[in-house]
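What follows is a set of notes on a single structure, which appears directly below.
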């Protein structure tokens with residue numbers, strides 16, 4: 001891929017709030033490749049997680065992206081709301097006129113095994129991990145029209161590669177993204193829209209304690225943990241012309257047990 005291959009294209013990346021996150025890394029990499037950027041965040045979600053977020057971190061990330069990409073803009077939206085995908089595309093199209101690359105990176109996670117799972121917890125995961133992702137894909141396909149090529153990249157998880165005990169709601173909703181990727185890729189193939197998913201595997205975005213790091217390294221055949229930049233490089237390749245014939249794939253960045 002040439003260094004500026006994505007010049008003239010616009011990427012919409014969800015879940016770009018934290019400097020150390022996968023979403024921010026992907027946005028940086030696509031911006032370096034020449035893409036204009038529209039990104040989303042939802043600070044209340046990160047505030048309730050153990051990793052936390054600085055009060056002005058999303059603004060700082062967006063400012064950084066503006067110094068990298070030809071143009072960058074963003075919106076803070078709660079993707080658990082049914083109207084948010086359409087509103088997101090309204091704002092993005094108002095700013096840039098077209099979206100050529102969609103990266104469904106935003107996700108909802110909370111711990112909970114089968115003994116604690118309930119309808120409310122399942123619904124919270126479903127609203128973001130499944131419903132929002134499907135609706136964003138639908139908005140993306142509609143605005144592209146029948147003749148413009150496009151790229152959809154779903155960020156999934158390791159639920160298809162090994163057990164993830166204590167994460168029932170997360171596992172079942174993330175598994176839906178794998179199924180979506182396969183079927184949607186066939187539905188959109190005739191329109192030159194590729195649909196792929198990336199399973200990053202264990203990735204150091206600031207949540208890995210020394211104890212967890214040791215457990216991951218012992219369980220992994222590769223004895224390593226991915227960096228967000230490595231995942232971003234894969235997303236960049238899938239966004240470019242060299243990946244025009246790659247579709248319907250769930251690409252595992254690392255093999256090995258998640259359990």
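The values are calculated or read from the model by the stated rules, or taken from the named source; none is laboratory data. Please read these numbers as outputs of a predicted model, since none were measured by experiment. No Cβ is skipped: glycine too gets one built from the backbone with ideal geometry, and neighbour counts run over all protein chains shown.
Here is a yes/no grid of residues against (1) over 26 Å from residue 240 (Cβ atoms); (2) touching a helix residue (DSSP H, G or I) at 6+ places or on another chain (Cβ under 8 Å):
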| site | (1), (2) |
| --- | --- |
| 101 | no, yes |
| 124 | yes, yes |
| 164 | yes, yes |
| 175 | yes, yes |
| 179 | no, no |
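For segment 103-122, taking the residues that are in a helix (DSSP H, G or I) and in contact with a helix residue (DSSP H, G or I) (Cβ under 9 Å, 6 or more places away or on another chain), the one that is surrounded by the most Cβ atoms within 10 Å (Cβ to Cβ) is identified as 121. Count of segment 209-223 residues, restricted to those that are modelled with pLDDT of 55 or more and surrounded by 15 or more Cβ atoms within 10 Å (Cβ to Cβ), is 1.
Somewhere in segment 1-20, is a residue assigned to a helix (DSSP H, G or I) and buried (at least 24 other Cβ atoms within 10 Å of the Cβ)? Quick ask: steps written out before the conclusion?
Here is the first cut: in segment 1-20, the residues assigned to a helix (DSSP H, G or I) are none.
Looking for residues that are assigned to a helix (DSSP H, G or I) and buried (at least 24 other Cβ atoms within 10 Å of the Cβ), one finds none in segment 1-20, hence no.
Against the list (1) crowded, with 22+ Cβ neighbours inside 10 Å; (2) closer than 19 Å to residue 11 by Cα; (3) at pLDDT 95 or above, the condition residue 156 fails is (3). With respect to residue 87, is the statement that it is touching a helix residue (DSSP H, G or I) at 6+ places or on another chain (Cβ under 8 Å), at pLDDT 95 or above and under 21 Å from residue 44 (Cα atoms) true? In short, no.
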